[in-house]
């Protein structure tokens, strides 16, 4: 099993986390870990994201830390240098693909169409992020492509909720789902890390 596939086995839900205040990064990671979630995708969507990755890598080494929303070759290297243990991309250009390979880290490249998935499979990548999942057809789409592409395994992300996650996880080609509902903005704003732990416990129970 490739390292990409191993990432899909860590938790039924891979939290997709956006950190606006760097001081929140470590408490969020610890709250998720306390709830039984062993992996975190910390997205590069904010100016503090790389510093947040550095802090989590240093202070919460027990959690498997990934950098998400990697959209440029430079970000791939920066995330690796900051301490990320894996990378996640929303889509995949040739330059981003080359940069991700160059880091030596496992990564989940994003695919939203059959052709994109096939191109990535030609590169030996068979553990993929399916994004944006709900707008791209969701469960029905993944069922439809499982026939011609049974060797591919996905982490669907985008529009998935606590209520819809189980329907994705029931598919043989889905290893885990990505979700932002574990770290809602209002909980982060209120520093309600106990709520994040509770949401993580519910997500971990989907296994």
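Observations
- Of note, residue 121 does not satisfy the criterion of being touching a strand residue (DSSP E or B) at 6+ places or on another chain (Cβ under 7 Å), in contact (Cβ under 8 Å) with a residue 24 or more places away in the chain and either within 21 Å of residue 73 (Cα to Cα) or surrounded by 21 or more Cβ atoms within 10 Å (Cβ to Cβ) (or both).
- When residue 68 is tested against (1) out of contact with any helix residue (DSSP H, G or I) (no Cβ under 7 Å at 6 or more places or on another chain); (2) crowded, with 20+ Cβ neighbours inside 10 Å; (3) free of Cβ contacts under 8 Å to residues at least 40 places away in the same chain, only condition (3) is not met.
- Meets criteria (outside any helix (DSSP H, G or I) and either closer than 19 Å to residue 38 by Cβ or modelled with pLDDT of 95 or more (or both)) for residue 207: yes
- All helices (runs of 4 or more DSSP H) inside region 107-198 with 1 or more residues being over 16 Å from the mean Cα position of the chain (by Cα) and within 20 Å of residue 3 (Cβ to Cβ): 114-122
- Selection count where residues are crowded, with 23+ Cβ neighbours inside 10 Å and within 18 Å of residue 176 (Cα to Cα), scope region 80-118: 9
- Those residues of region 24-42 which are surrounded by 21 or more Cβ atoms within 10 Å (Cβ to Cβ) and touching a strand residue (DSSP E or B) at 6+ places or on another chain (Cβ under 8 Å), in sequence order: 25, 28, 29, 32, 37, 39, 40, 41, 42
- Taking (1) in contact with a strand residue (DSSP E or B) (Cβ under 7 Å, 6 or more places away or on another chain); (2) closer than 18 Å to residue 38 by Cα; (3) surrounded by fewer than 22 Cβ atoms within 10 Å (Cβ to Cβ) in turn, residue 173 satisfies each apart from (2).
The values are calculated or read from the model by the stated rules, or taken from the named source; none is laboratory data. Remember, predicted model here, so these are calculated numbers, not experimental data. We place every Cβ from the backbone using ideal geometry, glycine too, and count neighbours over all the protein chains shown.
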